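**Student:** Following this message is one structure expressed as structure tokens.
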Amino acid sequence: MLSNTIDHKESSEQETVAKTVDLYKAALKKSNPAPNLFVLNEAAISRFTELGFPARKHEMFTFIDTRKLEEAEFRLANDYDTNADIPGDDVEKHIVLADGVLSPLQPYVAGNDKNVLVTPLPKALANHTLRDMLLASVNNETDAFAALGTAFIKDGVVVEILPDTKATMPIKITLHTNKGPVITAPLVVVKAGARSRLQVVVEETGGGESSFMNANIHFILEDGATLEYLLSQGGGCDSWSFIKHHVTQKKESRFSAVCAFTGSGITRNSIDARLIGDDAKFSLRSTSLLLDKDQAHFHVRVNHEAKNCESYQLFKNVVTDSGRVSVDTTVAVGNGASLSKSDQLVNNLLLTENGRADVKPNLTILNDDVKCAHGATTGKLDEEQVAYMKSRGIDEASSKRALVTGFLNVALSVPDFKCPLEPIKQKLLARMEKANA
Amino acid sequence: MLKIKNLKAAINGKEIIKGISLTVNSGETHSIMGPNGSGKSTLSKVLAGDPSCEILGGSVTFNGVNLFDLEPEERALAGLFLAYQYPVEIPGLSNREFLRMAYNAKLSNEGAEEVDPIDFDEILNEKMQTLGMGEKFRERSVNAGFSGGEKKKNEILQMAILQPALSILDEIDSGLDIDALRVVADGVNKLKNDKNALIVITHYQRLLDYIKPDFVHVLSEGKIVASGTSELAKRLEARGYNDIAVLV
Ligand SMILES: Nc1ncnc2c1ncn2[C@@H]1O[C@H](COP(=O)(O)OP(=O)(O)OP(=O)(O)O)[C@@H](O)[C@H]1O
Ligand SMILES: [Mg+2]
């Protein structure tokens, strides 16, 4: 019986892979990609086939029920839809990837920022260093969905800031998905030249009705570069949003990220960071407010591969209704990575019986000379805090709302962070109102 | 204003307050002294409506209303204020936002219009200046990482903003340096008038040099064992609590 079930499962996974490959072939026919992009797509689909469709038993997807994705009948997104309803009246000021395609209508404008270069992916791939980097990345990919995302790339954008320069304003990139059931695969590459400083804001919009956005975002930080990154993830109801981040940090570089779950649906945020140069610093702060059946899943791997590197992770999650959150985070300190420092902190507020929070902090250390701390808490609102607020005349509901907002805001207070955090706070407040209603 | 009659209360099933009677009228300042663990903070928490306290007997009226009929937030809106011995930290909630919420709760309870952040900042700035509190205490999270003395100042800042009818100050002097003690006491004195009242809980005569009590009570093992004028506090300072019998 048991072997029967396994057989059945395996064959269903194989079917899904076959179905996906068919979809891929159809996509190729339609988009007829440039040779450099085609090479990347091909490498990616074969990597995906090798890895197979990740069922729930897969350790990378322990907390996500991928069956629904397996069952969904996706169609391909059309080419850039000029009628796409992209929110925000300042769209012309930033880069828009709608259904994975770079908008021809809204050329990037950033004041007089001559030091920031924005290039459409097919053109950028003519640079073989970039192409080979992406190829190497997909050939070593262990995450099947990230490989799948790369297979479906038909466009993307490369943002580069020149060495020894500072951007005058944050680069805003909107990843827009039309309503489902479409599958879209945006690609973003950000390269920060030596000793440059750049801010990147990525916002997900649209989605819904079983849309599936499966994005890959690469950050490459040269020596001494500082990159601040703000992500606002989550599409509409019933949407899937997977983002795989690949971060490579060289000597004395600083990467600081703030990730917020501000939409709805099911999201997966995966971050693979490699600190390959001495004295690199990585920080990640994440804040999620889950309502209804929202799900936010985090999968983080930070590899300390050089001396004297630091990494810091803080997760603040609030779960209401039947929301679910999972944080699976590993810090791996390699052999030569002496004097490493790392912090992994996960705080969950579980406000309902039906909600669920899973935390899996891991630490693998191959070097004695390190300072690593991790802690995780899951609990309800602090009654003493509620009592204190009430003793000042503030009613219970307002007290609780303020406490939840405060809890989430802890991850949004980042010293010297140059991306605008106020819109995120406003979005969280708006969602809080929804939670109350 | 406040009439406590034979009040008995417990924490975690253990009787701590064992029959206290006390009347506080408008315009009066009362001081409560007493050894560690005698029940001073518990008494103040019972009055504020802290959920950890269980009422076993007796009655308390506040301006003629049965205090136990009011929720903690209703007590605050009715004009009762407790400056906590150990103020609670609230990471992530800015002090300014917290204070504005409290101020607006009071305004809307009085039927007045709430103030926006900009108008409130003016009110806040003025109060902070009189208490010698730096700018940073506006943006910082409520009490989070504040030093002991800073937390106490922040309690008095709340009192200054809410202007309550009855303020209970639980060891507001502990943790304050000499200068801060004077500033805080001055702030409290400025707020004092013949329409409001104060209960000052302290271990030290020093505070009472600044905030002059009309009455001093000694609490021991959940009961008031001696009451008198400020003379009583001076004798306590000289002789300690060992021979309370002598005091009575
Ligand atoms: N939450 C609690 N659980 C158990 N016992 C408590 C609790 N809170 C107070 N108590 C006990 O009640 C008694 C009175 O405590 P209370 O804090 O009122 O004393 P106090 O007079 O304010 O002392 P101090 O001068 O040290 O502040 C003490 O024995 C204390 O241990
Ligand atoms: Mg006490």
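**Student:** Once you have the Cα-Cα distance between B:Asp179 and B:Gln163, take 0.36 nm times their residue separation minus that, and quote the gain in nm to one decimal.
**Tutor:** That works out to 3.4 nm of additional length.
**Student:** Cα atoms only, the protein assembly as shown: Rg and Dmax in Å?
**Tutor:** Just the Cα atoms of the protein assembly as shown yield Rg and Dmax of 30.9, 102 Å.
**Student:** When chain B is treated as a GNM, springs tying every alpha-carbon pair under 10 Å, which of B:Glu113, B:Glu139, B:Glu237 comes out with the largest mean-square fluctuation?
**Tutor:** B:Glu113
**Student:** Give the range of the longest stretch in chain A that excludes all GluC sites (Glu not before Pro) found in loop regions by DSSP and having at most 11 other beta-carbon atoms within 10 Å.
**Tutor:** Segment A:74-352 is the longest.
**Student:** What ³J(HN,Hα) values, in whole Hz, does the Karplus curve 6.51 cos²θ - 1.76 cosθ + 1.60 give for the stretch B:139-148 when θ = phi - 60°, with x put for Gly and Pro?
**Tutor:** 7, 5, 5, 3, 6, 5, x, 5, 6, x
**Student:** Among A:Gly206, A:Phe145, A:Val414, which residue has its Cα furthest toward the positive end of the charge dipole of chain A, with +1 on Lys/Arg Cβ and -1 on Asp/Glu Cβ?
**Tutor:** In chain A, that residue is A:Val414.
**Student:** Return an integer: the convex hull volume of the alpha-carbon atoms of the stretch A:5-381, in Å³ per residue.
**Tutor:** Measuring per residue, one finds 134 Å³ for the Cα hull of the stretch A:5-381.
**Student:** At R0 = 56 Å, how high is the FRET efficiency between B:Tyr210 and A:Asp416 if r is their beta carbon distance? Nearest 0.05 is fine.
**Tutor:** Plugging the Cβ-Cβ distance into 1/(1 + (r/R0)^6) gives 0.85.
**Student:** Turning to a different aspect of this structure: With contacts defined as alpha carbon pairs under 8 Å and 6 or more residues apart, what's the relative contact order of chain B in percent?
**Tutor:** So the answer I get is 28 percent.
**Student:** Positive end of the dipole of the protein assembly as shown, charges at C-beta (+1 Lys, Arg; -1 Asp, Glu), about the Cα centre: which of A:Val318, B:Ser227, A:Ser196 has its Cα farthest in that direction?
**Tutor:** About the Cα centre, the residue reaching furthest to the positive side is B:Ser227.
**Student:** At what distance in angstrom do the alpha carbon centres of the stretch A:306-324 and the stretch A:194-244 lie from each other?
**Tutor:** Cα centres, the stretch A:306-324 to the stretch A:194-244: 16 Å.
**Student:** Would you pull out the residues with amide H under 5 Å of A:Val96's amide H, same chain only if 5 or more places away, H placed 1.01 Å from N?
**Tutor:** A:Ser103, A:Thr174
**Student:** Tell me which residues come under 5 Å, amide H to amide H, from B:Gly58 once H is placed; ignore anything under 5 positions away on its chain.
**Tutor:** B:Lys8
**Student:** Based on the Cβ-Cβ distance from A:Thr352 to A:Glu73, what FRET efficiency comes out when R0 is 35 Å, to the nearest 0.05?
**Tutor:** 0.60
**Student:** Any idea what the relative contact order of chain A is, in percent, if you count C-alpha pairs under 8 Å spaced at least 6 apart?
**Tutor:** 10 percent
**Student:** Full extension from B:Asp121 to B:Asn25: what is 0.36 nm times the residue separation minus their Cα-Cα distance, to one decimal in nm?
**Tutor:** 31.2 nm
**Student:** Okay, moving on. When the gyration tensor of chain B is built from Cα positions, what are the square roots of 5 times its three eigenvalues, in whole Å, from largest to smallest?
**Tutor:** 30, 21, 16
**Student:** Residue by residue through the stretch A:43-54, what is 3J(HN,Hα) from phi via Karplus (6.51 cos²θ - 1.76 cosθ + 1.60, θ = phi - 60°)? Round to whole Hz and write x for glycine and proline.
**Tutor:** In residue order, the calculated couplings are 4, 6, 5, 6, 5, 4, 4, 4, 6, x, 6, x Hz.
**Student:** Please report the antiparallel percentage of DSSP beta bridges with both residues in the stretch A:5-381, rounded to the nearest 5.
**Tutor:** Antiparallel bridges: around 5 percent, rounded to the nearest 5.
**Student:** According to a simple spin-label model (label point 7 Å from Cα along Cα-to-Cβ), what is the distance in nm between A:Cys237 and A:Thr377?
**Tutor:** 3.5 nm
**Student:** For chain A, give the magnitude of the charge dipole about the Cα centre (Cβ charges: +1 Lys/Arg, -1 Asp/Glu; no others), in debye to the nearest 20.
**Tutor:** 500 debye
**Student:** Further question: Please compute the average number of Cβ atoms from other chains found within 10 Å of each residue's Cβ in peptide B:86-99.
**Tutor:** 5
**Student:** If the chain between A:Asn335 and A:Asp65 were fully stretched, how many nm would it gain, using 0.36 nm times the residue separation less the Cα-Cα distance?
**Tutor:** Stretched fully, the A:Asn335-A:Asp65 segment lengthens by 93.7 nm.
**Student:** While we're here: With each label point set 7 Å from Cα along the Cα-Cβ vector, what nm distance links B:Arg235 and A:Gln14?
**Tutor:** In this crude label model, B:Arg235 to A:Gln14 measures out at 9.8 nm.
**Student:** Next question, about the same structure. Please name which of A:Leu284, A:Ala44, A:Asn308 has its Cα lying farthest along the dipole of the protein assembly as shown towards the positive end, using unit charges on Cβ (Lys, Arg +1; Asp, Glu -1) and the Cα centre as origin.
**Tutor:** Working it through, the farthest residue towards the positive pole turns out to be A:Asn308.
**Student:** Taking θ = phi - 60°, what integer Hz values does the Karplus form 6.51 cos²θ - 1.76 cosθ + 1.60 yield along the stretch B:104-116, in sequence order, with x for Gly and Pro?
**Tutor:** 5, 4, 5, 4, 5, 5, 8, x, 8, 7, 6, 9, 7
**Student:** Please give the calculated 222 nm ellipticity per residue for chain A, where each DSSP H segment of at least 4 residues contributes -39500 (n - 2.57) and the sum is spread over every residue; nearest 500 deg cm²/dmol?
**Tutor:** It lands at -8000 deg cm²/dmol.
**Student:** Distance between the C-alpha centers of the stretch B:135-188 and the stretch A:21-64? Whole Å please.
**Tutor:** Value for the Cα centre distance between the two parts: 62 Å.
**Student:** Using amide H atoms built in the peptide plane, which far-off residues or other-chain residues are under 5 Å from A:Val258 H to H?
**Tutor:** Here the answer is A:Tyr229, A:Leu230, A:Leu231, A:Arg285, since their amide H atoms fall under 5 Å of that of A:Val258.
**Student:** Something else now. Across the residues of B:142-148, average count of Cβ atoms on other protein chains within 10 Å?
**Tutor:** Counting other chains' Cβ atoms within 10 Å and averaging over B:142-148 gives 1.
**Student:** Return the distance in nm (one decimal) between the two label points of a simple spin-label model at B:Asn63 and A:Lys434, each offset 7 Å from Cα along Cα→Cβ.
**Tutor:** Between B:Asn63 and A:Lys434, the simple spin-label model gives 4.2 nm.
**Student:** Based solely on its DSSP helices, what 222 nm [θ] is calculated for chain B when runs of n ≥ 4 H residues each add -39,500 (n - 2.57) and the sum is averaged over all residues, nearest 500 deg cm²/dmol?
**Tutor:** -11500 deg cm²/dmol
Where a number appears in this text, it was derived from the coordinates with a stated rule and is not lab data. Every value quoted in this text rests on a predicted model; they were computed, and no experiment measured them. All Cβ positions, even for glycine, are placed from backbone atoms using ideal geometry, and neighbour counts span all protein chains on display.
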